[in-house]
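K.L.:
Got a structure for you, written out below as structure tokens; questions coming shortly.
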Amino acid sequence: MTKNNSKLGEFSFIEKITENFEIKNSESLLGIGDDSAMIESSKLNTLVSKDLLVEGIHFDLSYTPLMHLGYKSVIVNLSDIYAMNGIPKQIVVGIAISNRFKVDSIQELYKGIKLACEKYMIDLVGGDTTTSQSGLTISITVLGQVKKERVVKRSGAKKNDLIVVTGDLGAAYLGLQILKREKEIFLDNPDVQPKLEGYDYILQRQLKPEAPKKYFEILNEIGIIPTSMIDISDGLSSELLHISKSSKVSVKIYEDKIPIDYSVMNKATELNLNPIFCALNGGEDYELLFTIDQKEYSKLEKDPDFTIIGHITDKSEGNFFITNDNQAHELTAQGWDSLKSS
Ligand code: ADP
Ligand code: MG
């Protein structure tokens, strides 16, 4: 710890925010309290990933409760490990805090971190704490494990593979639009209370997302190792383009196949947004996008958790989004380019 401006001494501050965290995995040999954590190595491969969240860029504390923020900052990291078909085990948490934050607020943040650690069986094994001139920054590194023959990269998709997504898309983005709308109304007139009733699902998807552990487990149970996989953090189209680029193939997806919750349909209309646009570009859904060999189809066809949205084509064909009126539009990171129809 360096230059913490809290009234508490350095040690008691870290002790206070990290008290009650228990080690759950036997491989976590040494956790918080020494110069470094120690993790037992095994025959499995170690996966490492980091996400950096900066106030004002990635989150807005005027509508994000700190406990939710703590929870979500862990989830976004776990999601990356599941997307490699691995199991997350440990996290290391770095925070930079300005003097506007009281110890209580950071304890709230850590309550959320703890909830996520308990739900997903993750050990918090260390971190670092420092001051910032303004705002809050949270940087989490996650460590996970995978058997080397089970790892799934972005680069393995083959021509004729089916493209699958888990859950439903677009809700987290819509939740964010509602929060932004209510913030604007509040800034214009602080006497108006935010109207958040009726938006439960989309708000929960934005403020308290879950990692795709359930889908990872189902895939294991039914014996499917995807040919390629990625988590949907930036939006379906952008992730599809990552798979296309890494795997040197093209993708073709169909508008009528995109899984969208009925509440997303309703609320998008209310906000004058196209629900398909939200699903393609929204991001932060933390669902899995993966490809499977066609012969695996029967293993997941009856499970509503999984939706086949299209298939992989030869690289030379280009990436396309087929609308309900059977028009092919080139898929771009912004969704689809309706001017470039072919
Ligand atoms: P050092 O000076 O060696 O970096 P610190 O005083 O920063 O040690 O940290 C003491 C212990 O507390 C270490 O085990 C470190 O990993 C842990 N730690 C420090 N800050 C955090 C934090 N924000 N969250 C979790 N653990 C932390
Ligand atoms: Mg330190």
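K.L.:
Go through 319-330, 92-103 and give me the packing order, highest mean Cβ count within 10 Å leading.
P.N.:
Result, highest mean first: 92-103, 319-330.
K.L.:
If you roll a 1.4 Å probe over the heavy atoms of the protein chains, what accessible area per residue do you get for segment 3-150, in Å²? Walk me through the numbers on the way to the answer.
P.N.:
Values: 7540 Å² over 148 residues.
Heavy-atom SASA per residue in segment 3-150 reads 51 Å².
K.L.:
Which aspartates and glutamates have a Cα lying under 13 Å from the Cα of K158, excluding residues fewer than 8 positions away in the same chain?
P.N.:
By straight Cα distance, K158 reaches D293, D314.
K.L.:
Separate question: Shape call for the chain from the C-alpha gyration tensor, a ≥ b ≥ c root eigenvalues: rounded (a/c under 1.5), prolate (a/b greater than b/c) or oblate? Provide the component values of the computation, followed by the final result.
P.N.:
Working: a/c = 2.31, a/b = 1.32, b/c = 1.75.
Here the chain falls in the oblate category.
K.L.:
On a straight-distance basis, which aspartates and glutamates could pair with K195 in a cross-link, Cα separation under 16 angstrom, same-chain partners fewer than 8 positions away excluded?
P.N.:
Correct list for K195: E182, E184, E270.
K.L.:
Before anything else, pin down the relative contact order of segment 162-341: Cα pairs under 8 Å, at least 6 apart, normalised by residue count, whole percent.
P.N.:
Details: 336 pairs, mean separation 66.8, N = 180.
The value is 37 percent.
K.L.:
Among residues other than R205 whose Cβ falls under 13 Å from its Cβ, what is the net charge (Lys/Arg +1, Asp/Glu -1)? Display every interim value, and only then the final one.
P.N.:
On the way: positive: K72, K208, K267; negative: D168, D200, E210, D261, E284, D285, E287.
Combined, the nearby Lys, Arg, Asp and Glu give -4.
K.L.:
Another question about this same structure. Which of these, I32, I222, I91, has the largest mean-square fluctuation under a Gaussian network model of the chain (Cα springs below 10 Å)?
P.N.:
Taking springs between Cα atoms under 10 Å, the residue moving most is I222.
K.L.:
Taking the Cβ-Cβ separation of D191 and K111 as r and a Förster radius of 25 Å, what is the calculated FRET efficiency to the nearest 0.05?
P.N.:
The formula returns an efficiency of 0.25 here.
K.L.:
Moving on. Could you tell me the calculated FRET efficiency between T46 and R150, based on Cβ-Cβ distance and R0 = 22 angstrom, to the nearest 0.05?
P.N.:
Efficiency at R0 = 22 Å is approximately 0.95.
K.L.:
May I ask you to give the percent of accessible area on the chain that is carbon plus sulfur, with a probe radius of 1.4 Å? Could you put the intermediate results ahead of the total?
P.N.:
Working: 8490 of 16880 Å².
Its accessible area is 50 percent carbon and sulfur atoms.
K.L.:
Classify segment 108-176 as rounded, prolate or oblate from the Cα gyration tensor: take a ≥ b ≥ c as the square roots of its eigenvalues, call it rounded if a/c is under 1.5, otherwise prolate when a/b beats b/c and oblate if not.
P.N.:
prolate
K.L.:
Note the full-extension length gain between R181 and N266 as 0.36 nm times their separation in residues minus their Cα-Cα distance, in nm to one decimal.
P.N.:
29.0 nm
K.L.:
Got a sec to turn the phi values of segment 127-133 into Karplus ³J(HN,Hα) couplings, 6.51 cos²θ - 1.76 cosθ + 1.60 with θ = phi - 60°, whole Hz, x for Gly and Pro?
P.N.:
3J(HN,Hα) across segment 127-133, in whole Hz: x, 8, 9, 8, 8, 10, 6.
K.L.:
Given H placed 1.01 Å from N in the peptide plane, which residues other than close sequence neighbours of I309 have an amide H under 5 Å from its amide H?
P.N.:
Close amide H contacts, sequence-distant or interchain: I163, V164, V165.
K.L.:
Okay, moving on. Provide the per residue accessible area, probe 1.4 Å, for segment 194-342, rounded to a whole number of square angstrom. Each step should come with its number before you reach the end.
P.N.:
Working: 7100 Å² over 149 residues.
Ligands and nucleic acids excluded, the figure is 48 Å² per residue.
K.L.:
Which residues does a label at E217 reach in segment 303-323, if reach means a backbone N under 18 Å from a point 7 Å past the Cα toward the Cβ?
P.N.:
Of the residues in segment 303-323, 303-306 have backbone N under 18 Å from the label point off E217.
The values are calculated or read from the model by the stated rules, or taken from the named source; none is laboratory data. Because the structure is a prediction, the values reported are computed rather than measured. Don't worry about glycine lacking a Cβ; one is built from the backbone with ideal geometry, like all the others, and counts go over all protein chains shown. Just so you know, the surface numbers come from the protein's heavy atoms only, side chains and all, with ligands and any DNA or RNA stripped out. Shrake-Rupley method; radii C 1.70, N 1.55, O 1.52, S 1.80 Å.
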